[in-house]
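The values are calculated or read from the model by the stated rules, or taken from the named source; none is laboratory data. As the structure is a computational prediction, the values presented were derived from the model and not from experiment. All Cβ positions, glycine included, derive from the backbone under ideal geometry; neighbour counts span all protein chains shown. The protein model used for the area step is the full one, side chains on, heavy atoms only, and it has no ligands, DNA or RNA in it. Shrake-Rupley method; radii C 1.70, N 1.55, O 1.52, S 1.80 Å.
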Amino acid sequence: PCPPDCLNIFPGFSMQRFRNTDIDVRQTTIWQWLFAVWSNRDKKKLNWLLNYFATKIQQPSRKVMKYLVAYCRQTGTGKSTFSKFCKALVDEDKVLFCKNLDDFLGEQNSEHLNKLFVLIDEIERATKSQSDKLKSTITSDSFRFKRLYENPQQMPCYLDLIATSNCR
């Protein structure tokens with residue numbers, strides 16, 4: 001929904017064409033992957049994850065204000081491949097993948113505009129000051145949009161953060 005003086009040109013998500021089929025979603029590979037890997041075979045965690053993503057899909061202008069961290073001691077287990085799932089879910093242009101926290105917290109942040117998910121890899125390397133900056137990002141309704149050679153502007157922020165970590 002938008003005000004009557006705004007033109008809504010949002011085309012919808014590309015996965016929308018797969019809805020309302022006769023497939024039992026609980027038998028799909030993605031469901032098994034979410035259940036086994038991401039919720040550790042815990043139905044309560046799976047239900048929370050499904051509600052989290054359903055909220056972002058049904059109400060993209062609503063910020064969930066939760067910070068997900070995928071944790072596994074082993075490296076190479078596929079934690080950062082979650083970005084591919086998010087890109088398939090809400091389209092590539094609405095997901096940003098940052099290899100580290102410095103990429104996300106950089107001064108020029110024009111790539112944050114209109115993103116629904118930002119995935120930050122290797123969050124365990126964050127310093128105390130970087131962690132403090134993240135706190136406001138998680139709950140803030142706006143951010144200071146800055147392009148190179150332009151003045152910063154306050155813009156609405158819709159992104160929710162997902163991070164990966166090899167250390168608690």
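Number of residues in the range 45-73 that are free of Cβ contacts under 8 Å to residues at least 12 places away in the same chain, open to solvent by less than 80 Å² (accessible area, probe 1.4 Å) and either in contact with a helix residue (DSSP H, G or I) (Cβ under 9 Å, 6 or more places away or on another chain) or within 18 Å of LYS84 (Cα to Cα) (or both): the value is 1. None of LYS66, LYS115 is modelled with pLDDT of 85 or more, under 22 Å from PRO11 (Cβ atoms) and under 11 Å from the mean Cα position of the chain (by Cα) except LYS115. Every listed requirement among (1) open to solvent by 80 Å² or more (accessible area, probe 1.4 Å); (2) on the phi > 0 side of the Ramachandran plot is met by GLY78 save one, (1).
If you go through the range 97-131 and keep only what is assigned to a strand (DSSP E or B) and open to solvent by less than 30 Å² (accessible area, probe 1.4 Å), you end up with CYS98, PHE117, VAL118, LEU119, ILE120. For the residues ASP42, ASP91, the requirement of being at pLDDT 85 or above and open to solvent by 30 Å² or more (accessible area, probe 1.4 Å) singles out ASP42. The residues in the range 140-168 that are open to solvent by 70 Å² or more (accessible area, probe 1.4 Å), part of a strand (DSSP E or B) and over 11 Å from GLN108 (Cα atoms) can be counted, and the count is 2. Inside the range 10-35, residues that are at pLDDT 80 or above, over 25 Å from PRO60 (Cβ atoms) and part of a loop (DSSP other than H, G, I, E, B) make up a count of 1.
Residues in the range 53-85 that are closer than 17 Å to LEU159 by Cβ and assigned to a loop (DSSP other than H, G, I, E, B): GLN59, PRO60, SER61, ARG62, LYS63, VAL64, MET65, LYS66, TYR67.
Every residue, every condition in (1) touching a Pro at 6+ places or on another chain (Cβ under 7 Å); (2) within 27 Å of ILE57 (Cβ to Cβ); (3) of a type outside the set (A, V, I, L, M, F, W, C), yes or no:
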position	(1), (2), (3)
GLY76	no, no, yes
THR81	no, yes, yes
CYS98	no, yes, no
LYS115	no, yes, yes
GLN154	no, yes, yes
